[in-house]
Every structure is written in C-alpha cells, then in structure tokens.
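The values are calculated or read from the model by the stated rules, or taken from the named source; none is laboratory data. As the structure is a prediction and not an experimental result, all values here were calculated from the model. Cβ atoms come from the backbone with ideal geometry, glycine included; neighbour counts cover every protein chain shown.
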C-alpha cells in the first residue's frame with residue numbers, strides 16, 4: 001500500500017519592521033501520517049499577506065496585502081497567484097482594494113467572485129474572477145457608523161466577509177459598528193445591503209470573524225472585544241440570537257481578545273482562539289438547536305494564536321501563534337479536544353493557515 005503523500009500548507013505572515021524577518025507567504029509540507037511539519041520555504045515574497053484563500057482545485061491562491069493605500073508602490077491590494085508544481089507562487093494579478101488594511105479574502109462556491117474586507121477603510125469590495133481576468137473590480141461598499149468603544153470603534157472596521165453557498169447572499173462582520181451586515185449578491189457580484197437580515201450585535205462586542213454551520217442554518221460570530229461567541233439562527237426573514245458563550249475560563253482575569261473561529265469538518269465541534277489566555281476554546285455544537293456546550297480549553301502551544309485550522313479530514317489541527325513565531329500541531333480526539341503532538345515549526349509572524357487540499 002502506497003504511503004499517503006505530504007500535503008502543503010500555505011502560511012500568511014506579517015512582514016516589515018518588527019516582523020521577525022518574514023518575507024511573505026510560506027509553504028510547509030505536512031505529513032498526515034505522523035503529523036510532522038517540514039521547515040518552511042518562501043513561496044512568494046510579498047508584503048503583509050495576512051489572509052489567504054485557495055480555490056477548490058488548489059490551483060490558485062488569493063492573498064491580501066494588509067497595508068495603507070499610500071504605503072508603497074502597490075499599497076493595499078488583493079492578489080491572485082498560480083500555484084506552481086514545486087509549491088511556489090507566480091503572481092497573476094494584483095488589484096487596489098479601495099480601502100486601507102485589507103484583512104480578509106474569500107471566494108464564492110462557484111469561484112466566480114472574490115470578496116475582500118478592508119479593516120482600516122471600513123469597507124468591502126467584490127471582484128469577478130476567471131481564467132482570463134483573475135481580478136476585476138465589480139463593486140465597492142463603504143460602511144458607516146461607530147460604537148461605544150472609542151479606542152477601537154470610532155469608525156467602521158470591516159474584519160471579515162463570506163459568501164453563502166448559493167451565492168445570493170454574503171455577510172460581513174464589522175468590528176467598528178458591532179454589526180453582522182448581510183448583502184444580497186447579484187449574479188455579476190453587485191452588493192445590496194439587506195436591512196431585514198442585517199443584525200446589530202451588543203454594543204462594544206466587536207465582531208471579528210464568523211463561521212457558518214455546515215447546513216447554513218446558523219452563523220457563529222466571534223467577538224474580539226468581548227471574548228464572546230454569539231450564535232444566530234439564519235431564517236429567510238431575519239437573524240435570531242440563540243445564545244452567547246464566553247471563550248474564557250470563568251476564573252480568568254487577564255486581558256484577552258479573540259481572533260479565529262472554525263467548525264470541525266464533522267460539524268460537531270467549534271473552536272475559538274484567545275489572544276491573552278493563549279488558548280483554543282472548545283465547544284460541542286448541537287446542529288438542531290444551534291447551542292454550544294463548553295468542552296474546555298487547550299493551550300495554543302505559543303503566544304497569540306491569531307489563526308488556526310483543522311485539517312480537512314478532521315484528524316489534525318494546527319495553530320499559528322503570531323508572537324511566538326510558530327506553528328503547532330495537535331491530534332483531534334473523538335471528543336473534539338486537540339491533543340498536543342510535540343510537533344511544531346518556527347515561522348516568522350504567522351497569521352493565516354490554509355491546507356492545499
């Protein structure tokens with residue numbers, strides 16, 4: 001029987017001053033039998049590629065350059081790359097994002113559109129994508145408003161953007177306005193704010209990222225400023241609050257902010273990362289009610305888990321610890337709890353992980 005071949009993991013990083021010599025996007029080989037990681041190699045030299053996504057065929061990778069628009073020759077950008085046989089990336093296209101600090105990029109399931117969230121600019125935009133035209137701007141929407149935390153919420157800060165499966169709706173979490181904004185999406189990619197479905201979260205919570213349940217009956221929003229996961233039921237008429245769940249142990253008294261939220265591929269478990277407690281909060285998920293049941297906390301294996309990713313087969317989970325400059329591998333048990341394997345690799349300022357399968 002032929003041994004399973006290593007898979008590639010692409011890692012977005014922060015570059016520049018104070019960024020531990022990071023040069024851009026890195027690629028690491030992951031052995032799905034042993035859980036070991038190879039030393040990282042540079043896949044593409046590019047500034048601040050803080051978020052990545054790949055197409056389903058793993059032929060193209062899309063990244064952002066989380067910069068100000070006036071910061072260098074390119075400034076704030078979204079990029080399309082071709083994945084070469086050796087794992088390196090060849091740039092296909094680069095486009096201005098129209099707003100400062102692009103921090104999230106996602107494709108629709110049909111892979112005809114790419115959406116970007118601009119944190120500094122407080123805006124979202126959509127590009128059409130095709131083999132002939134990898135990135136063509138279709139629409140740009142500026143968010144407006146503010147909320148109660150004057151240090152963090154004096155203006156809009158779009159932090160994530162995702163399309164729903166059928167492509168007719170999209171959602172954006174805005175940390176600055178405490179909203180989960182829902183958009184109707186035209187076939188061409190034009191966005192129209194859907195006021196009926198848009199949801200106002202509690203003041204000062206700071207929604208950052210969100211995860212859709214496998215059946216898209218629920219959306220789980222992790223809130224950076226409150227360390228809370230809000231569970232909302234999705235209906236054609238409205239979004240309905242189901243419950244709020246802390247990502248922290250009851251006895252924790254330090255400073256914390258959350259970062260990433262992900263479902264286990266089985267849909268049975270949910271994970272959220274804590275920066276300050278430096279942990280993953282683990283929950284069981286009830287697909288009928290949408291309710292979460294706390295299962296415990298697992299150290300991320302480093303400092304400031306900015307991002308993490310379960311493997312597509314659900315057997316592994318890898319954390320990206322931004323301040324300790326490492327990726328750490330866990331084996332996922334039948335109870336959903338990640339178990340440390342002792343496998344890790346040093347990589348400068350990792351902030352996003354994507355499996356290439």
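Brief remarks on what is shown
- The set of residues in region 182-192 being in contact (Cβ under 8 Å) with a residue 40 or more places away in the chain and either exposed (fewer than 15 other Cβ atoms within 10 Å of the Cβ) or over 15 Å from residue 126 (Cα atoms) (or both) consists of 188, 190.
- Test result for residue 268, under 15 Å from residue 208 (Cα atoms) and either under 22 Å from the mean Cα position of the chain (by Cα) or crowded, with 22+ Cβ neighbours inside 10 Å (or both): no
- Filtering region 35-53 to residues that are crowded, with 19+ Cβ neighbours inside 10 Å and closer than 15 Å to residue 25 by Cβ leaves 40, 43, 44, 46, 47, 48, 49, 50, 51, 52, 53.
- Pairs linking a residue in region 292-307 that is on the phi > 0 side of the Ramachandran plot and without any contact (Cβ under 8 Å) to a residue 24 or more places away in the chain to a residue that is surrounded by fewer than 19 Cβ atoms within 10 Å (Cβ to Cβ) and assigned to a strand (DSSP E or B), with Cβ atoms under 6 Å and 6 or more positions apart or on different chains, do not occur.
- Hey, residue 63 over 14 Å from residue 347 (Cα atoms), out of contact with any helix residue (DSSP H, G or I) (no Cβ under 6 Å at 6 or more places or on another chain) and part of a strand (DSSP E or B) or not: yes
- Here the condition is being in the same structural domain as residue 225 (by TED's automatic domain parsing), within 25 Å of residue 58 (Cβ to Cβ), in contact with a strand residue (DSSP E or B) (Cβ under 6 Å, 6 or more places away or on another chain) and not in a loop (DSSP other than H, G, I, E, B); of 260, 293, it holds for 260 alone.
- Elements of type strands (runs of 3 or more DSSP E) contained in region 8-57, each with 1 or more residues being over 19 Å from the mean Cα position of the chain (by Cα): 24-30, 41-45
- The residues in region 276-290 that are closer than 24 Å to residue 53 by Cβ and either surrounded by fewer than 16 Cβ atoms within 10 Å (Cβ to Cβ) or not assigned by TED's automatic domain parsing to the domain that holds residue 212 (or both) can be counted, and the count is 0.
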